[in-house]
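Asker: Okay, here's the structure, questions in a sec.
The values are calculated or read from the model by the stated rules, or taken from the named source; none is laboratory data. These numbers were taken from a predicted model, which means no experiment stands behind them. Ideal geometry is used to build each Cβ from the backbone, glycine not excepted, and the neighbour counts take in all protein chains shown. Areas reflect the complete protein model, heavy atoms only, side chains present, ligands, DNA and RNA absent. Shrake-Rupley method; radii C 1.70, N 1.55, O 1.52, S 1.80 Å.
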Amino acid sequence: MDQFRDKSESRPDTLYPAHADALLRLGSLLGESGDVAAALGAVTEGVHILRVLSEVEPDNFSIQLASALNALSNRQSDAGAAEESAATAAEAVALSRAAMESKPDQARFVLVSSLINLAGKYMRDGDAESCLNQLAEAAEVFKGGGEAGIPFLGPMVEALHRAAMAFAEVGLWGEAVDTRRLMIGLFPDGPPAAMVQLLSLTLQQASLAMAGEGRVDVALQCADESVELARLLFDKDSDEYKLVLAQALGNQGGRRHQAGNTQAALEVVLESVNLFHQVVHADPSAAVPSLILTLGTMSSILTELGMKDQAAVVDEQKANLQKTMELLVDGKG
C-alpha cells in the first residue's frame, strides 16, 4: 500500500487500478476484523480512485466501480450510515444495469449482487414491495447467465432463502411464498426436492396464518397447493416424504373444515392420520405434535357430523398422545 502512495506522490497525475483493488481488499479484511471505521476509510478511498478512472475510461472501469460501490454500501451500513448505504447501493445497481447493455457477461453477476444488496436495504426500511421487485430482477438476471451462473448458484439460493425467512418472520407470507417461487425458478431442469419441500412448508405456514386472519379462501388455496407439492415429493420417495404429506394433509383438512366442506375435510384428515400412524413409531418427536393437532381437527369434524362416539375415541387417543409427549419432554419416556 505504501508503494502505491509513494507512486501517487511522485506522479500525482497518475492513478493505479491495482491501488484501488488493494484498498478494497484491505477494507474487506478490516471489516472482517471488526475495525469498522478503518474499513470504511479504505473502501471509500478505493471507490474514489475507481470513480475518477471510470470518468476517464467508463468502458474499462464502470463495472469495477459498480462492484466497489456495492462493497462501500456494506461498509456504510456497518458504520450505521443507512441512508448513504442505500444511495450507494442504488448507484451500484444503476451502473451495473447500464453496463449490461454492452458487457453482459462481465456485468451480470455484479448486477445480481447489487440488486440483492439493495433488496436488503428495502427490507430493513420495511418496503417489502421494492425488496421483492429487486429480488425478482436479480433472479431473472441470474438465470440469463446460464451455465456461467453455476458457481454462484449456492450463494444465490442462500440469499433468497434468507429473504424468504425474513418475510416470514414479519408475517409477510405472500412475499415469503413468492420468494420461494423465485428459488424454484433458478433450476431450469427442475428444482431439488429440498426446494420443493421448502415451498410446500411455506405455503402451509401461510395457510395457517391466513386462517388465523379469517382469510379462509386464501388459506385453502395455500393448503391445496402445499398438498399438491407434498404429493409430488411423496410419489418420488414415499418413505422420505410420508411425514411431509401427512402434515400438509392435516392442514388441508383443517382449512376445508373451516371453509364448511366437512365431508371433504374428513377424507383428507383420515388419510393424514393413517400416514402419521405409519411414521410415529420411527420418529415420534417429529410426528406426534402434528398428529395431536390433526386428531383435534378430526374430533371437531366428527362432532359436527353427529358422530360423537367416534369423536370421543379420537379425543381419548389425543389425550394419550399428549401424555406421551409430556413424558418425552420430561425425559421420562
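Asker: Between region 266-289 and region 68-135, what is the C-alpha centre distance in whole Å?
Answerer: About 46 Å separates the Cα centre of region 266-289 from the one of region 68-135.
Asker: Let me ask you something else. For the chain, what % of the accessible area comes from carbon and sulfur atoms, probe 1.4 Å? Walk me through the numbers on the way to the answer.
Answerer: On the way: 8830 of 16970 Å².
Carbon plus sulfur share of accessible area: 52 percent.
Asker: Sticking with this structure for a sec: Relative contact order for region 1-151: what percent, with Cα pairs under 8 Å and sequence separation of 6 or more? Mind dumping the intermediate values first?
Answerer: Details: 179 pairs, mean separation 22.2, N = 151.
Relative contact order comes out at 15 percent.
Asker: Could you give me the radius of gyration and the Dmax of the chain, taking only the C-alpha atoms into account and expressing both in angstrom?
Answerer: Spelled out, the Cα radius of gyration and Dmax of the chain are 26.8, 95 Å.
Asker: Looking at the chain, do any whole DSSP H helices span at least 20 angstrom along their long axis by alpha carbon and average 0.5 or above on Kyte-Doolittle, and which?
Answerer: Values: long enough: 17-33 (24 Å, 0.34); 36-56 (30 Å, 1.29); 58-78 (30 Å, -0.46); 82-99 (26 Å, 0.38); 104-124 (30 Å, 0.20); 128-143 (23 Å, 0.13); 153-169 (24 Å, 0.63); 193-212 (29 Å, 1.14); 216-236 (30 Å, 0.40); 242-258 (24 Å, -0.71); 262-279 (25 Å, 0.69); 284-304 (30 Å, 1.02); 308-330 (33 Å, -0.55).
Membrane-span-like by this rule: 36-56, 153-169, 193-212, 262-279, 284-304.
Asker: Here is a further query. Leaving out same-chain residues fewer than 8 places away, which aspartates and glutamates sit with a Cα under 13 Å from that of Lys308?
Answerer: Those aspartates and glutamates meeting the cut-off are Glu316.
Asker: For the chain, calculate the relative contact order in percent as a whole number, restricting contacts to Cα pairs under 8 Å that are 6 or more residues apart.
Answerer: 7
Asker: State to the nearest 20 debye the size of the charge dipole of region 37-91 about its Cα centre, where the only charges are +1 on K and R beta carbons and -1 on D and E beta carbons.
Answerer: Working: 2 positive and 8 negative charges, 28 e Å.
For region 37-91, the charge dipole is close to 140 debye.
Asker: Please provide three numbers in whole Å: the alpha-carbon extents of region 1-151 along the principal axes, with the largest listed first.
Answerer: Principal-axis extents of region 1-151 (Cα, largest first): 50, 35, 27 Å.
Asker: Another question, then. Over region 111-200, what is the relative contact order in whole percent, taking alpha-carbon pairs under 8 Å and six or more residues apart? Walk me through the numbers before you get to the answer.
Answerer: Numbers: 75 pairs, mean separation 20.5, N = 90.
Relative CO of region 111-200 lands at 23 percent.
Asker: Just the accessible area per residue of the chain, please: how many Å² with a 1.4 Å probe? Could you put the intermediate results ahead of the total?
Answerer: Details: 16970 Å² over 333 residues.
Spelled out: the 1.4 Å probe surface of the chain, per residue, equals 51 Å².
Asker: Could I ask something else about it? Any idea what the dipole of region 192-332 comes to, in debye rounded to 20, about its Cα centre with Lys/Arg Cβ at +1 and Asp/Glu Cβ at -1?
Answerer: Values: 10 positive and 18 negative charges, 38 e Å.
It works out to roughly 180 debye.
Asker: Please state the charge dipole magnitude for the chain, taken about the Cα centre, from unit charges on C-beta atoms (+1 on K and R, -1 on D and E), reported in debye and rounded to the nearest 20. Kindly include the intermediate steps, with their values, before the conclusion.
Answerer: Details: 25 positive and 46 negative charges, 83 e Å.
Dipole magnitude for the chain comes out near 400 debye.
Asker: I would also like to ask the following. Give, as a single signed number, the net charge of other residues whose beta carbon lies under 11 Å from the beta carbon of Ala166, with Lys and Arg counted +1 and Asp and Glu -1. Mind showing how you got there, number by number?
Answerer: Values: positive: Arg124, Arg162; negative: Glu169, Glu175.
Summing Lys/Arg as +1 and Asp/Glu as -1 gives 0.
Asker: List the aspartates and glutamates whose Cα lies under 16 Å from the Cα of Lys242, skipping any in the same chain that are fewer than 8 positions away.
Answerer: Glu228, Glu271, Asp283
Asker: Starting from the Cα coordinates of region 192-332, work out the convex hull volume and express it per residue in Å³.
Answerer: Working: hull volume 14.9 nm³, N = 141.
Roughly 106 Å³ of hull volume per residue.
Asker: With a/c under 1.5 counting as rounded, go ahead and sort region 104-181 into rounded, prolate or oblate using the C-alpha gyration tensor (a ≥ b ≥ c being the square roots of the eigenvalues; past the cut-off, prolate if a/b is larger than b/c, else oblate).
Answerer: Details: a/c = 2.41, a/b = 1.78, b/c = 1.35.
Prolate, since a/c reaches 1.5 and a/b exceeds b/c.
Asker: Still on this structure: Loop-only check: which trypsin sites (Lys or Arg not before Pro) in region 239-333 are DSSP coil with at most 16 other Cβ within 10 angstrom?
Answerer: Details: sites: Lys242, Arg255, Arg256, Lys308, Lys318, Lys323, Lys332; in loops: Lys332.
Filter output for region 239-333: Lys332.
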